[in-house]
Structures are given as C-alpha cells and as structure tokens.
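First comes the structure, then the notes that go with it.
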Amino acid sequence: MQMRFRFKPPSLDFPLGTDGFGRDILSRLLHGARLSLGIGLSVALLSGVMGTLIGVASGHFKQFDSLLMRCMDALMAFPAIMLAIGITAVLGPQTASVIIALSVAYVPRTARIVRSAVLVIRETEYIQAAIVAGAGNARIVFRHLLPNSLGPLVVQMSFVFSYAILAEAALSFLGIGAPPPTPSWGNIISEGRDRSIEAWWIMLFPGIAISLAALGMNLLGDGLRDVLDPRQKTEG
Amino acid sequence: MTSDELLRVSGLTVKFLGESGWLTAVEDVSFSIGKKECIGLVGESGSGKSVTALSVLNLHERRTTEISGRIEYFGKNTLTLPANDLRRLRGGEIAMIFQDPMSSLNPVLTVADQIIETLQLHENISHSKARLRAIELLELVRIPDAARRVDEYPHRLSGGMRQRVMIAMAIACKPKLLIADEPTTALDVTIQAEILNLLRDLQNELEMSVLLITHDLGVIAEFVQRVVVMYAGQVIEEAPVMRLFDQPLHPYSQGLINAIPPLHIDMRRLLSIPGQLPDSYEIHSGCRFVARCTERVSTCLNSQPSLIALQNGGSSRCPIRVELSGVQR
C-alpha cells in the first residue's frame, strides 16, 4: 500500500489495478474471496442445519407443524435482503452478524423444502415397514427420513451459498456488512463507487468475481439436482 | 382368551376424522387367530381389511383416529400398550409384510443394512453376526447367491426378490404372527405362486400364525384354514375355508366366489357383483349389502342384521341364507 500507486489502471505490476489507497486489487480480491466464500459457506451450512431441524420437526412431528410453518411464513413474508439488513442493523456490523442475519433469512426456504421431502417420504411403505419392524422415532428420522431427503437439501444449500454471496456483497455495498478495511468483495465495490467512471477496474473485477462465484454455485446446484433427483434414479 | 388362541380381536371399531366429520372404517369386528393357524381376511378394496390389520399393531395416526374394542395378544391389549412395549412387539412378536415390494425397502440402504437393523432392534447381536444371520435369512427365502445379493441396493432387485427380502426381514426375529397385507397383489402370477409356497413353508418351519389379507379367493383357497369376509367395515361371514366355497352363507361371499373366472367354460364376460361399496359416511337402516344383493327381501331394507353364530363354527350376517341352508344356529 503506497500512496504514489493510487488509482493505477491494470498493468503488469498491478494486473487488476490499484484502489484509492494504492492497494493492489488482485491481492484484495484474493483475500476477499476467503471472506465472501466463507460467509457463503457458513450461511449455507447454518441455514441448512436450522432448516433441516425445523423441516423435520414440522414434517415428522405433526403437532409442531402449523406453529413452525406459520413462523416460517412470517419470516418469508419479508424479502430476504430486507430481513438481513434489519438483523445486521440490530446486531451491529460484524462478519458474525452478517452470517447470522443471512442464515435466518434463508432458513424458511430450506425448512419448507425439507418439510415437503419429509412429508412425501414418511408416507412411503418403507417408513411404515420400519415402524412395523419396531423402529423408534430417532431411528426413523436419522436413518430413514434424513438420508432420503438429503438430495433436495444439498441442492437447496448450494443455491443458498450463491444467494448468500450476492446478499453479502449487497450488505457490504450498503455499508452494513463486514466493516472496512476488511476486503470482502462487496466492500471493494463499495469503496470504488465514488470513482466508478475514472477507476472502473475497482468495481469491475470484484463484480466479475461475485458473478462467477454465484454462477458457479448455481451450476453446481443444477448439476447436483440432476444427479440427486429421485425421480431419475428410481429404476436404476 | 383360550389357551390355543394367539390373538383375539373383539368389538374393534375404527373411526377416522375426515373432512366432513368422523367416518367409520371398521365397525364391531371380532375374530381370533389360533396358534399356528392361517386366517384369511377377504373383501374388496375399502372394506376395512387393511385398517383392521394396521390396528393390530396400533399403527394408526393417533390424532385423527378413534379406536375402540380390544385386541388381545397373549392377554395384552395392543391398543393400550405403552409405546416401548409396542415397539418390542412390532417386528419381534408380530411382523408384517406389505403389498408393494417396490416401495417397502429403503432405497438408500443395502439389503444387509435393513435386515441387520431389524435384527439389532430386537436382539443383542453384533454387527458381524447379524450379517451372517442376514445371509442365512436370504437363503431361507430362497434368494440365489445370497452372500453376494446381501450387499445389493433394493433398486437392483426384481419385485419378487424384493418381496423375498421383505419376508426375510419380517421373519428375522421369528415372529409368532405374520400379517401379510396383500403380499402377492403386485406380483405376476408365477411369482405369486412361489411367494405363497415360500410363505407356507416358512409358516410350517417357524410355526407362525399368519393373517393373510387379500381380495383373491384363489389365494385363500390354497393358503388358509379359516376365512373372515368383510364388507363395508363389518364382518359378514366367517367360515372354515371348505365350507365357504361349498356353501357360502352370505350373498356377498357367493358373489366373490362367482367372480372367480372358471377355467373350463368359455366366458364372454367375467362375472362381477353389480354396484359398489356404500359411502362410509352413509347411515344404514338395513343390511349394508342390500343395494347390491340379488336375494333381498323387504326386511333387509329396514332391520340391521346381526352376526349369527353357527353351530359348526363360523358365523354369517345374512338371516335369509342361514334360514334356507338349514345350518344349525
């Protein structure tokens, strides 16, 4: 970081140019990948776990169903990004609060998908057969219901991963994500906003990184869906 | 209960909560199963056979079902048994096989996993020993090359093979009663015969009682000693199997027997019983079969017939047929 290298366009020394403090965009981008992808992954995992718990609870133990699903409906009524902004505003701008906020925002979809998978599977004869064989609730949930609903869950998690990368960028751009100077992709874009015409490279390259990451996760999700869709492998 | 009885169902009534109130699926059903006895439960779809069978293991959803009556197994009422005892009973003492072998095995577990699971639920047995037992069981149900097949996933097995695996799982813990809910309906005829032969051999070998649920009287004639015929949620006739075929004492039983296509006569049309089951919400003032009955008289319309116990065993709900037959009450 040297002030004499401020706003240098892409060159051999700085392949993606430098920003207003003379920092190399490429190294900030690479460093930011850790944070952005880390947040994406944490959100996918956290909302996956919470969504699975809620989905199984309401799908299998029907007495919780209407209560849990009405709560999920209430959460789903807010646009995910609005909800995340609200929660981050309350928890303060830290990386952890971004992860929590986005996880909460994406739980309802995951919970609904797990619930619908569980509802279908629990009516199949092999669940009945397991009950008839004397299996208890825990065994039915962990050995029969969960492994069979894993397909849609994994697909959903890969989509949440890509939504979370986008949403994290949006939150950082709005200035309520991970606090600067932490180099998340959204932060870099946000910092380049004022000089976007002259120093176009500051916003362009992290933008490309975000698009590619989101596209990649979406393609992964599509691929996983093709592989895991039970309708395609019933008669193997 | 007498000492040679294994299971006694008395006064079983099952009601389900439907969209327009409670509907009665099974009403006042009573029968018993003796030790090592094969009983057939016959009736068309919707007559309450499966509901009765599921009640034996108390498998109905509690919140939307109302069950009354008693189902005694060795003096214990399975309808009021605590959850833990019930779990021990299921798969251990009373096992069940289902109609559709295509969907009754978990697709993500191998055959070995599923048999071992059943074994370990009821016996304190190590994984490797359970695996050996699983292979023995597959051999017992005549699956060729059992040692290799045991590691297959269900989708690699044919329907007949899967039903054999289901049977192997069901008999894994040497149950005293096997409930077979239309075990051959989804299979083609040659496989049906093999599965029935297998079931009969196993029944002799393991000295089990079998409750066979079916709508196929051909299967009944081959397999069971005593038949309970159900119609619209009620038992309408109970008879030793020979008596049922020689002298059915209810027009509905007669109709079922007539519906078996004869081999030696060229029939243009297959015989059927005209009409259909009454709606479960309907309130009956007379006999439930009256609308489809060819032998009805005026009293059939306005008095509900009760089950008439007959002197030589069995019972019937048709006073007219019983009268005509001259069988002693």
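Any read-out appearing in this document is the output of simple, stated calculations on the displayed coordinates, not a laboratory observation. This one's a predicted model, so the numbers in the text were calculated from it and none came from an experiment. Here the Cβ is made from the backbone with ideal geometry for all residues, glycine too, and neighbour counts use every protein chain on show.
Data for the structure
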item: Rounded tilt (10° steps) of B:189-206 against the dominant C-alpha axis of chain B; result: 80 degrees
item: Calculated from backbone phi, Karplus (6.51, -1.76, 1.60) coupling profile of the range A:120-133 in Hz, x at Gly/Pro; result: 5, 5, 5, 8, 6, 5, 6, 6, 4, 4, 5, 5, 5, 6
item: Whole-number percent relative contact order across chain A, with pairs defined as alpha carbons under 8 Å at least 6 apart; result: 24 percent
item: Chain A: angle of helix A:65-77 to the longest principal axis, Cα-based, in degrees nearest 10; result: 20 degrees
item: Set of the range B:92-126 residues, backbone N closer than 14 Å to the point 7 Å along the Cα-Cβ line of A:Phe142; result: none
item: Rounded to 5, the percent of DSSP beta bridges in the range B:108-267 classed as antiparallel; result: 55 percent
item: Cα convex hull of the range B:119-277 - mean projected area over all directions, nm²; result: 12.2 nm²
item: Kirkwood hydrodynamic radius over Cα pairs of the range B:1-68, then Stokes diffusion coefficient at 10 °C and 1.306 mPa s, in µm²/s; result: 122 µm²/s
item: Charge tally in the Cβ shell below 14 Å around A:Pro179, where Lys, Arg are +1 and Asp, Glu are -1, A:Pro179 excluded; result: -2
item: J(HN,Hα) series, the range B:224-229, from Karplus relation 6.51 cos²θ - 1.76 cosθ + 1.60, nearest Hz, glycine and proline x; result: 10, 9, 9, 10, 10, 9
item: Kirkwood hydrodynamic radius of the protein assembly as shown, from inverse mean 1/r over distinct Cα pairs, in Å; result: 28.1 Å
item: Amide H within-cut-off set for B:Val210, under 5 Å, with H built and near neighbours excluded; result: B:Glu37, B:Cys38, B:Ile39, B:Leu178
item: Spacing of the two label points (7 Å from each Cα toward its C-beta) at B:Ile265 and A:Arg193, in nm; result: 9.0 nm
item: Max mean-square fluctuation residue, GNM over chain A, Cα-Cα springs under 10 Å, options A:Ile176, A:Ile127, A:Ile39; result: A:Ile127
item: Segment B:Arg70-B:Asn84, length gained on full extension (0.36 nm per residue, minus Cα span); result: 3.1 nm
item: Net charge of Cβ neighbours under 14 Å - reference A:Ser36; Lys, Arg +1; Asp, Glu -1; result: +1
item: Per-residue Cβ neighbour rank within 10 angstrom, fewest leading, A:Arg6, B:Arg321; result: A:Arg6, B:Arg321
item: For the range B:1-134, the spread of Cα positions along each principal axis, largest first, Å; result: 49, 40, 29
item: Pair A:Asp65, B:Arg142: separation of 7 Å Cα→Cβ label points (nm); result: 4.3 nm
item: B:Gly69 long-range amide H proximity, modeled H, under 5 Å; result: B:Thr13
item: Inter-label distance, nm, simple model (7 Å from Cα along the C-beta direction), B:Gln120/B:Met242; result: 5.0 nm
item: Spatial separation of Cα centroids for the range A:192-220 and the range B:23-84, in angstrom; result: 66 Å
item: Phi to ³J(HN,Hα) by Karplus 6.51 cos²θ - 1.76 cosθ + 1.60 over the range B:132-144, Hz, x for Gly, Pro; result: 4, 4, 4, 5, 4, 5, 5, 5, 4, 8, 6, 8, x
item: Alpha-carbon gyration tensor eigenvalues x 5, square-rooted, for the range A:33-229, Å; result: 38, 18, 11
item: Computed over the range B:236-329: relative contact order in percent, which uses C-alpha pairs under 8 Å that are six or more apart; result: 33 percent
item: Gain on full stretching of the segment that runs from B:Thr299 to B:Asp188 - 0.36 nm per residue minus C-alpha separation; result: 35.6 nm
item: Protection proxy ranking, peptides A:141-148, B:3-10, A:65-72, average beta carbon neighbours within 10 Å, highest first; result: A:141-148, B:3-10, A:65-72
item: Gain in span if fully extended, A:Ala77 to A:Arg34, counting 0.36 nm per residue against the direct Cα distance; result: 12.3 nm
item: Residues with amide H under 5 Å from that of A:Gly20, placed H, sequence gap 5 or more; result: A:Phe7
item: Gyration tensor over alpha-carbon atoms, chain B, equivalent ellipsoid semi-axes in Å; result: 36, 23, 18
item: Principal-axis tilt of helix B:159-171 within chain B, Cα atoms, nearest 10 degrees; result: 80 degrees
item: Cα-based reach from B:Lys49 at 12 Å (exclusive), listing aspartates and glutamates while leaving out same-chain residues under 8 positions away; result: B:Glu27, B:Asp181, B:Glu182
